[in-house]
Every structure is written in C-alpha cells, then in structure tokens.
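Q: Please read through the structure below; I'll follow up with questions.
The values are calculated or read from the model by the stated rules, or taken from the named source; none is laboratory data. These numbers were taken from a predicted model, which means no experiment stands behind them. All Cβ positions, even for glycine, are placed from backbone atoms using ideal geometry, and neighbour counts span all protein chains on display. Just so you know, the surface numbers come from the protein's heavy atoms only, side chains and all, with ligands and any DNA or RNA stripped out. Shrake-Rupley method; radii C 1.70, N 1.55, O 1.52, S 1.80 Å.
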Amino acid sequence: MPLPPNQPPEPPKLHKEGVPEGLWMRCPDCGDMLFRKVVEESLHVCPNCQYHFRISARIRIDQLVDPGSFEEMFADITPIDPLGFVDKKSYSQRLKDEQEKTGSPDAVVCGKGFIKGRPMLMAVMDPTFMMGSMGSVVGEKITRTIEEAVDEKLPLLIVSCSGGARMQESTLSLMQMAKTSAALARLDEAGLVYISMLADPTTGGVTASFAMLGDFIIAEPKALIGFAGPRTIWNTIKVELPQGFQRSEFLQEHGFIDFVVHRKDLRSEIARLVDFCGKASASKTG
C-alpha cells in the first residue's frame, strides 16, 4: 500500500535493545551471536565453528550452479491430499501454508544446470518445505529427473535433506522409495554417474532409498544421516550411542559415505568427480 505524500517510510522494527530485528542470529553449535549478512556471505556457514546452517533448495542451487545456468523442470507438478488426512490441521491446508511460505509447490526443486561448466541433471530437496519430507510428488519429480538424465546421457546430482517419507500420504509416500531406486537402476545400466550429496538431516525413507545409492556419496560436515533418529534408537534399545553417532564424519570412518566436503568446496568436488568418471569411461572404451 503506497505511503501518503511527504510521509517518511516506517523505520525497521527494533528489539528492546534498539537492534533491528533479524540483523543477528545465534549459531546452534557454538552459541555465538553472528551478523546475519556475514553468515550469508560465508555460504550460510558459521565463520567461527564452521557449522553448516540448513538452507533452502533455491539457495542451494544458487550456491552450486554456474550463474544463470539453471533451468527448472517439472515445476507444474503439484501435490494433492489423496487420503483426506487430518492431524492438527488438514493436509491440504498444510500444503497450502507451506507453498505460501516457501514459494515452491513441494519439497524438491529439479532441473538442469552447469557446475563449473559441467552439464548435469539435479534434484535438490528443500528442508524449509515440511522438513523436506518425501511424498508422491517429490518421488515423481526425482524419478523424472533420473529418467531425463538417462535420456540426455548426463550425470545426475541429488541433494538429500529430508526428515523421511511423508506420513500424511501413508503407503503412497513409501512407494517412492522403490520407484526412485528402480529409476536409479536404469541410470546405472546406462553407465551414467550418480552423485548423492547428503545435507543435515538425511533420514528415514530417503536414507533407505536413493540417498545411499550413489556412485559417490558425499556429505556436509556434521550432517545427521541415518534411518531412525538417535532418540528413537535410544528409546528402542536403551544402549548408549557412540560419540558422533550418525554424523557424517562417523559414517565416513565406518565406510558408509565416501567424502565429507565443506560447503565452499562442493562445486569443485562435484566437478572433479564428473571429470574422473568421464576419464574412466574414456579409458575403458579406449
């Protein structure tokens, strides 16, 4: 709504201490108060302890791809409420609220882009949309992205960041585990590379399917990766868990993932892996 003539704009909202709201943020790992702009300029990484903040799919894509190279695909596929599910609110209303909050139709953004000049298909999960949970649309869009990679004979990158299968869709969400895995089998048969990147958190049905099927599995530092969460495991077996259990460094040490890569090095590492596979394929054919 336009301001009346000669009326100055409203000043920014202030906390009681007189600091503009949203200017500072606290690191959940080291507890330091951080200037938000500095964190954003550091790829949303704490400059003191290197804690990797959770970021949306759109921000992740902007960080990974060459500027202006990303072409979104399957954006017109939107979720419905097939079961008429209701908890604190109806699933249809929850979807509407999440779409308004994030500006995305569901918890994954798919498309084609270039990373350091290397073309690839990519599917990037969005933790800001229902904690990146996987429903029918998420599974369908990821499957179509895999199939597009097969058709175009391009490398595939999937960035997983998810709380697992979406309970509001029941068995329909669990079916996506088999569907995405079958599509990845066709990608493998075509001799194409699949890089799986795991961010905090990667859990549940996503971990139990496409997230752990990569030719290369890389993860950000200290990312929570597993099927059930630590509290669920503790409540089930009543056993003290090892230090750092289910964190990316622990999983690398025990052979579940290949590399732990700082966010600032992800572009270079992905490009290196794509080049490595290209050279390996060339040597085989030669």
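Q: Over the chain, what is the relative contact order in percent, taking alpha-carbon pairs closer than 8 angstrom and at least six residues apart?
A: Answer for the chain is 13 percent.
Q: May I pose another question? Ignoring ligands, DNA and RNA, what percent of the accessible area of the chain is carbon or sulfur (1.4 Å)?
A: Roughly 56 percent, rounded to a whole number.
Q: If amide H atoms are built 1.01 Å from N in the plane of the peptide, which residues on other chains or at least 5 residues away come under 5 Å of the amide H of Val193?
A: Residues meeting the amide H criterion: Leu156.
Q: Out of residues 5 or more away from Lys116 or on other chains, whose amide H comes under 5 Å of its own, with H placed 1.01 Å from N in the peptide plane?
A: Asp66
Q: Quick check on packing: order 218-229, 90-101 by the mean number of other C-beta atoms within 10 Å, highest mean leading.
A: 218-229, 90-101
Q: For Lys88, which aspartates and glutamates qualify as cross-link partners when the Cα separation must be under 17 Å and same-chain residues fewer than eight apart are set aside?
A: Result set, ordered by chain and number: Asp97, Glu98, Glu169.
Q: I need the phi-derived Karplus couplings for the stretch 120-127: 6.51 cos²θ - 1.76 cosθ + 1.60, θ = phi - 60°, integer Hz, Gly and Pro marked x.
A: 7, 8, 8, 10, 10, 7, 10, x
Q: Using the Karplus curve 6.51 cos²θ - 1.76 cosθ + 1.60 with θ = phi - 60°, work out ³J(HN,Hα) for each residue of the stretch 26-32 in order, rounded to whole Hz, and write x for Gly and Pro.
A: With coefficients 6.51, -1.76 and 1.60, one gets 9, 6, x, 8, 9, x, 6 Hz.
Q: Now a separate question. From the backbone phi of the stretch 66-81, what are the Karplus-calculated ³J(HN,Hα) couplings (6.51 cos²θ - 1.76 cosθ + 1.60, θ = phi - 60°) in whole Hz, Gly and Pro given as x?
A: Using θ = phi - 60°, the values come out as 5, x, x, 9, 7, 10, 6, 10, 6, 5, 8, 8, 10, x, 10, 10 Hz.
Q: Using amide H atoms built in the peptide plane, which far-off residues or other-chain residues are under 5 Å from Phe227 H to H?
A: Here the answer is Gly204, since their amide H atoms fall under 5 Å of that of Phe227.
Q: Compute the accessible area per residue over the chain, keeping the other protein chains in place, probe 1.4 Å, unit Å².
A: Heavy-atom accessible area per residue stands at 53 Å².
Q: Apply the Debye scattering formula to the chain, with a single equal point scatterer on each alpha-carbon and no solvent, then give log10 I(q)/I(0) at q = 0.09, 0.10, 0.13, 0.15 Å⁻¹.
A: Here the Debye-derived log intensity ratios amount to -0.48, -0.59, -0.96, -1.22.
Q: Where in the chain are the DSSP H helices whose alpha-carbon span along the long axis reaches 15 Å or more and whose Kyte-Doolittle mean is at least -0.5?
A: Helices meeting the span and hydropathy rule in the chain are 136-152, 171-189, 266-285.
Q: While we're here: Which parts of the stretch 42-86 would a label at Glu100 reach, counting a residue when its backbone N lies under 20 Å from a point 7 Å out along Cα-to-Cβ?
A: Residues 78-81, 85-86 qualify, since their backbone N sits under 20 Å from the label point.
Q: If you don't mind, another one. Ranked highest first by the average count of other Cβ atoms within 10 Å around their residues, in what order do 194-205, 71-82 fall?
A: 194-205, 71-82
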